[in-house]
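What follows is a short report on a single structure.
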Amino acid sequence: MPRKRLFLAAAAVLAAVCVASLAPAEGLLPESDGLRPLTIIGRDNRFPVEDAQAAPYADIAFMDVVCSCGCGWECTGTLVGPDIILTSAHSLVCQEHSSPAESVIAYFGFNNYYDNLYRFGGTWTAYVGNLFTEKTYSFEADWGLVLLDDRPGDTIGFLPLDRDAVVSGQDGPFIIAGFSDKVLYTDSGPLVTMDDEHFRYTMDQDAGASGGPILDTEGQVVGVIIGHMEDDDGTQSNVGLTLTPDLLEVYDALSRHAEVPERFAKLTPPAD
């Protein structure tokens, strides 16, 4: 069963140091000629999580990913079903080489490699919204879902998706969480709706947080951390992806262990 946990106390503490809110974005997303690093905006307002095995952090995965081109990185994901991880597409595809992941290892309740609640290193199948065939980064459809051949959620629980989330103007506070240098950090603040598929915010995140969750105060997932942007006037903000209809369609199919429509890109590890 999903864990629906109250975040009100944590949100209040984090909101006390929240950076200033942003004005709503105008126009479409900017063109991007490459992945921009996730960014600390002004003062670093992140809080390191003292114990990643405490609720709700145990359901947030520290991930080691290696792609077929040989590139590899550390990133973040969220257990959103007994056997489903939600992350970003660029956590599973090398946008520089358009190469898919070959190896995905996920640690839940990760304090370090020797102190974690659950290590997944088995067989998996993933679906992504963007294969980055142009070998450049795009904010569009930057979601990934990984179906595991094991069910860690039966042991540690999982975080539910807020399928009916409506974010407008300066609603919040919301909470983001992501790993950086093997430490799980959180920050809290408002979200601003950019369009039907994207949020912008000034909550702080850094390299490794890609794929981490954006949570409401009840611990439900409303989006995914994906990147950073800068307006023409120099205003900086970080960017998250909403729970798009395509993402939810694939999630529903995986939850039922049903066939996923062929129009969605499928990734599998190489056969031994």
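A few notes on this one:
- Residue 234 falls short on exactly one of the conditions (1) assigned by TED's automatic domain parsing to the domain that holds residue 78; (2) without any contact (Cβ under 8 Å) to a residue 40 or more places away in the chain; (3) not basic (Lys, Arg), and that condition is (1).
- Failed condition for residue 257, given (1) surrounded by fewer than 15 Cβ atoms within 10 Å (Cβ to Cβ); (2) at negative phi; (3) modelled with pLDDT of 85 or more: (2)
- Selection status of residue 141, aliphatic (A, V, I, L, M), closer than 30 Å to residue 270 by Cβ, assigned by TED's automatic domain parsing to the domain that holds residue 67 and assigned to a loop (DSSP other than H, G, I, E, B): yes
- Residue list for segment 103-138, restricted to those being among the charged types (D, E, K, R) and assigned to a loop (DSSP other than H, G, I, E, B): 134, 135
- Residue match in segment 208-226 (condition: touching a residue at least 40 places away in the same chain (Cβ under 8 Å), farther than 22 Å from residue 160 by Cα and in a strand (DSSP E or B)): no
- Near pairs, Cβ below 6 angstrom, 6+ apart or cross-chain, from segment 137-158 (on the phi > 0 side of the Ramachandran plot) to any residue that is surrounded by fewer than 20 Cβ atoms within 10 Å (Cβ to Cβ): 157/3
- Within segment 76-99, tally of residues that are modelled with pLDDT under 95, buried (at least 20 other Cβ atoms within 10 Å of the Cβ) and in a strand (DSSP E or B): 2
- Yes/no for residue 188 being in contact with a helix residue (DSSP H, G or I) (Cβ under 9 Å, 6 or more places away or on another chain) and either in the same structural domain as residue 68 (by TED's automatic domain parsing) or not in a helix (DSSP H, G or I) (or both): yes
The values are calculated or read from the model by the stated rules, or taken from the named source; none is laboratory data. Quantities reported herein were computed from a predicted structural model and do not represent experimental measurements. Every residue, glycine among them, receives a Cβ derived from its backbone with ideal geometry; neighbour counts consider all protein chains shown.
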